[in-house]
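Down below is the structure, laid out as structure tokens.
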Amino acid sequence: MSEAWLHIVGIGEDGMDGLVPATRAVVEAAEVIVGGDRHHKLSDNTTAERVAWPSPFDALIDLLADKRGKRVVVLATGDPLWFSVGARIGREIAPNEIVYHPQLSAFQLASARMGWSMADLETLTVHGRPVEQMIAFIQPDVRLLILTTGAETPGQIAQFLSERGFGQSKMTVLAAMGGKDELRFDGVADSWDHAVPAFNTLAVECVADPGAALLPRVPGLADELFQHDGTMTKQEVRAATLAKLMPMRGALLWDVGTGCGSIAVEWMRAARYARAIGIEPRADRRAMAAANALALGAPKLQLVEGRVPEALTNLDAPDAVFIGGGLSRETFEAAWSALRPLGRMVCNAVTLESEALLLKLHKEHGGQLVKLSVNRAEPIGALTGWRPLMPVTQWSLIKR
């Protein structure tokens, strides 16, 4: 078993003075210290070799591997395993070779400054990630702590809030927490105009206007929230479909025949870090899916051009597959073969030909076969009547 040679140390605005004696001794004894300019300034009273973050950042693992055998310290902000570099390193280097030294995280400091219970709020990061992913968390009375990308991020988030009817949401930017130059900026979304430091943490208390858009993370968003050309999985059927697909944290969905992306977008909204690949041959529909993903807080939706089953080759193995378009025996067999154990498969059909295929596949593989019929109340002249949507035959099964 290898001995630990790599120490990942969280450091705050109070620098070396804020480290417990044992951690301070580790930093002072280091032969190599890796970190950003800010980290090096906070620990400038050591004689170690100084190494800046590499570019691209993925080169960090190779850089560290080259230093194996020396006493190496990586400096991070706060808790290295909470939206920080420690998790990235820990996926590539054996745990027994690493010692973590956490400090108070920005979330903990911000929670203390705001007087908020951390058990009653959402923590997320848009640092180095699409800012739009925070949109999925905009809901009435929700409190958010957000690690931002830069000085412009609070203004972008203020715009997202205002556009969705949350313009009265309270916003606080906190910077240099725990140091002598700590700063605080308070305001509301629809009038936010502060110039803030690039390195900051944003606290948001969501306040909904009477006409605010309600975007729960439970599947079944209103159809009108999506750009579409009329060909889409409608709200009621979509909710039933997502229930069978079972979104889970970090799980990957293949959305075959993604159309406007409604299934893929709702899958990604329903579970933290859920991923989706939408396979769609038409460029206009891929464009709609991309726009919907941005508008509804799923900016990491991956879209693949191509026809099935050929387009399924070389994709990451999925945890769930939805076939809403391009259904054929060949497509089912390719997707079923790629599906991971305990993966969920759902196929929806509206034509008699596709329904006939589902009946055959159900007889061969088992699973659950249901007919979904939805009627919506709509005006009929001066009165109101039921207007049926096209019935959907749905086949679902789990790979055991």
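In whole angstrom, the range 235-277 maps to an equivalent ellipsoid with semi-axes of 15, 12, 8, each derived as √(5λ) from the alpha carbon gyration tensor and ordered largest first. Its Cα gyration tensor gives the range 76-163 an equivalent ellipsoid, and the semi-axes of that ellipsoid, as √(5λ) in whole Å with the largest first, are 27, 16, 11. Computed over the chain with a Gaussian network model linking Cα atoms closer than 10 Å, the most mobile of Ala151, Ala290, Ala356 is Ala356. Starting from the Cα of Lys180, draw a straight line to each of the aspartates and glutamates and keep only those under 19 Å, dropping any in the same chain fewer than 8 residues away. Output for Lys180: Glu13, Asp14, Asp17, Asp37, Asp44.
Considering the chain as a Gaussian network with a 10 Å cut-off on Cα pairs, which listed residue, Trp336, Trp254, Trp267, attains the greatest mean-square fluctuation? In this elastic network of the chain, the residue with the biggest mean-square fluctuation among Trp336, Trp254, Trp267 is Trp336.
From the alpha carbon centroid of the range 1-47 to that of the range 235-287 is 43 Å. Surface composition of the chain: carbon plus sulfur atoms contribute 53% of the solvent-accessible area (1.4 Å probe, protein chains only, all chains present). When shorter helices are ignored and each DSSP H run of at least 4 residues is given -39500 (n - 2.57), the per-residue value for the chain at 222 nm works out to -7500 deg cm²/dmol. In plain terms, the C-alpha convex hull of the chain casts an average shadow of 24.3 nm² when viewed from every direction. Sites listed here are trypsin sites (Lys or Arg not before Pro) in the range 68-125 whose DSSP assignment is loop and whose Cβ has at most 13 other Cβ atoms within 10 Å: Arg91.
When the Cα positions of Leu252, Val142, Val173 are compared along the charge dipole of the chain, Leu252 comes out farthest toward the positive end, with charges on each C-beta of Lys, Arg, Asp and Glu. When the chain is treated as a Gaussian network with alpha carbon springs shorter than 10 Å, the biggest mean-square fluctuation among Leu245, Leu202, Leu214 belongs to Leu214. Let's test the formula: R0 of 35 Å, r as the Cβ-Cβ distance of Glu224 and Glu305. What FRET efficiency results, to the nearest 0.05? In this case the efficiency is close to 0.80. For Ile157, neighbours were defined as the other residues whose beta-carbon sits under 15 Å from its Cβ, and their charges (Lys and Arg +1, Asp and Glu -1) total -4. Accessible surface calculations at 1.4 Å, restricted to protein heavy atoms, place the range 3-46 at 43 Å² per residue. Across the range 128-143, coupling constants 3J(HN,Hα) worked out from phi with the 6.51/-1.76/1.60 Karplus curve, θ = phi - 60°, read x, 9, x, 4, 4, 5, 6, 4, 5, 9, 7, 8, x, 6, 7, 9 Hz, and Gly and Pro carry x. Between the amide H of His7 and those of Val72, Val73, Val74, Val99, distances stay under 5 Å, these residues lying 5 or more places away or on another chain, with hydrogens modeled in the peptide plane.
Karplus-derived 3J(HN,Hα) values for the range 28-37, using 6.51 cos²θ - 1.76 cosθ + 1.60 with θ = phi - 60°, are 5, 8, 5, 8, 9, 10, 10, x, x, 3 Hz; glycine and proline are entered as x. Working note: Karplus 6.51/-1.76/1.60 with θ = phi - 60° gives the range 352-359 the couplings 5, 5, 5, 4, 4, 5, 4, 4 Hz, where Gly and Pro are set to x.
Taking label positions 7 Å along the Cα-Cβ direction at both Asp193 and Ser373, the computed distance is 5.9 nm, reported to one decimal.
For the range 124-256, count all C-alpha to C-alpha pairs, find those more than 26 Å apart, and express that count as a whole percent of the total. That fraction is 34 percent. Plainly put, the range 202-346 has a radius of gyration that is 0.98 times its Kirkwood radius, both from alpha-carbon atoms, as the Rg/Rh ratio. My understanding is that a pair violates if its Cα-Cα distance is over 22 Å; which of Lys363/Lys399; Lys244/Lys371; Lys170/Lys300 do that in this structure? The pairs that break the limit, which is 22 Å between Cα atoms, are Lys170/Lys300.
The values are calculated or read from the model by the stated rules, or taken from the named source; none is laboratory data. The model shown is predicted, which means the values in this text are computed figures rather than measured ones. Cβ coordinates were reconstructed from backbone atoms using ideal geometry, including for glycine residues, and neighbour counts include every protein chain displayed. Areas reflect the complete protein model, heavy atoms only, side chains present, ligands, DNA and RNA absent. Shrake-Rupley method; radii C 1.70, N 1.55, O 1.52, S 1.80 Å.
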